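Where a number appears in this text, it was derived from the coordinates with a stated rule and is not lab data. These numbers come from a predicted model, not from an experiment. Don't worry about glycine lacking a Cβ; one is built from the backbone with ideal geometry, like all the others, and counts go over all protein chains shown.
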Amino acid sequence: MSLSVKITTQVFQTLSDLKKKYGFVELGLAVSGGSDSLAMLYLCKDWAVKNKIKLRCVTVDHKLRSESLIEAELVAGHCKKLGINHEIVGWDHEEKLKGNLSDLARSARYRIIDKWRKNINFVLVGHTQNDQVETFFMNLKRGSGIEGLKGMPVSFRRSEGYYILRPLIHTSRESLQQYLKEKNITWVSDPSNSNEDFERISQRKTWTILKSKGFSENRIELSADHMRRAHEALNHMLPIHFKSIGKQEITDLLWEYNSFVLLPEEFKLRLISAVVMWNGNVHYRPRFKAILDVLKNINEKKTVVLGGSIFYYNAGKIRITIEYQSVKGNAISCTSGLVWRNIWKVEREIKDGYITAIGIDGNKQLSKQQRSTMPFRSRIIQPGIFVKEKLLIVPTLDSDSSEYLSFCGIKFNDFLHNH
């Protein structure tokens, strides 16, 4: 069996397995012009024709190199040749490029893909077996646990609601490049791929040494698979543990203190991490050291804040809510259909009204009955409907005015099931 046939058979099988699992009829492809994604483009085109799947392609121009637009246009040329609809979308660097540039670019890329995809629910990316190995060793170097060493799955659902699929995750970059050579297809080589200032590139050099000592890609994949199964088992138990120790009350979480401290430490750490991600609507877990610090403070019944989530002890329970400073100043017009904080949808309009957190000033306008419904820290972040500075309605504290807003966010238990 030739290399080209072997690669085609392997990738076709992965794509067919994904189609059987999800039943999609249309796919989006994120193609940069490098060897990995370009090989994915040609392989997917052949498979899509046989399986009557519609393809659309996007290239994100990060605008970090002068050649990037030319390279994006080369991808457009390939797509035109293949009869695939293609679009180039630029990253406008709306945020300051400070910190980890790779992380900033990756976050921007997925944001742009989400806006581009419209009704496409499945987007393919060109991550290979090499990327899997590099990710494993990068996380091992950082001292990661199961979460970091489980590797990248073939498919996963992003919080925005669409799926990322990786049909090349079991295929090596070298074999994909040979596949392209056999087809006389030229790919783009990013000069940053030889810059060892980037951690991933440094790990490629390390991997060359490790392979000479007997390490293999298949064995690393096997270890990652073991870690992934353990991760899935732990995550499966997380909603069960949450249900046993607590509940969600409006947008607050309440955990029975004694029940929480008796949980195995791994589940306590995972619950804390999940809360911060859920409250902050972020994709990445907090640093492990920060999570340990939160756990230490919870055990000592001390108030602690992480990522905008505040954990505090109240009446035998650990109460978790959003820190007021993280929502202060966030306001929308009280216009039907608008959404505040991505979780509260306006159902009834009030002329000249606006919705914002009750806050300290609004709290002074509450009745004694309203103030008795929940502790101060949780109360001041509730949505209030104001006209000028007068607090008119507090839907979450008064049952008779609850029809003004409806909850449209993700419940914590659902987040745990889908995370």
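Quick notes
- Ranking of Ile410, Ile358, Ile84 by neighbouring Cβ atoms within 10 Å, starting from the fewest: Ile410, Ile84, Ile358.
- A dipole drawn for the chain from +1 and -1 charges on Cβ atoms has a positive end, and of Leu238, Ile272, Ile291 the residue lying farthest that way is Leu238.
- Length-normalised contact order of region 325-414 in % [C-alpha pairs under 8 Å, at least 6 apart]: 29
- With bins 10 Å wide beginning at 0, the percent of Cα pairs of the chain falling in each bin runs 4, 18, 25, 23, 17, 10, 3, 0.
- Charge dipole (debye, nearest 20) of region 317-362; +1 at Cβ of Lys and Arg, -1 at Cβ of Asp and Glu: 220
- For the chain, adding -39500 (n - 2.57) for each run of n ≥ 4 DSSP H residues and dividing by the number of residues yields -14500 deg cm²/dmol at 222 nm.
- A full extension of the chain between Cys408 and Glu182 corresponds to an added length of 76.2 nm, given 0.36 nm per residue minus the alpha carbon distance.
- With neighbours defined as other Cβ atoms within 10 Å of a residue's Cβ, the residues Ile201, Ile220 order from fewest to most as Ile201, Ile220.
- Extension gain for Met237 to Leu3 (0.36 nm times residue separation, less C-alpha to C-alpha distance): 80.0 nm.
- Among His127, His170, His226, the order by Cβ neighbours within 10 angstrom, fewest to most, reads His226, His170, His127.
- Beta bridge orientation in the chain: antiparallel %, DSSP, nearest 5: 70
- One chain, two ends: Gln325 and Val89. Fully extended at 0.36 nm per residue, the span grows by 81.5 nm beyond their Cα-Cα distance.
- Between region 1-41 and region 297-338, the alpha-carbon centres lie 44 Å apart.
- With contacts taken as Cα pairs under 8 Å at a separation of at least 6 residues, region 225-274 carries a relative contact order of 31 percent.
- Over the chain, relative contact order from alpha-carbon pairs under 8 Å, at least 6 apart, %: 11
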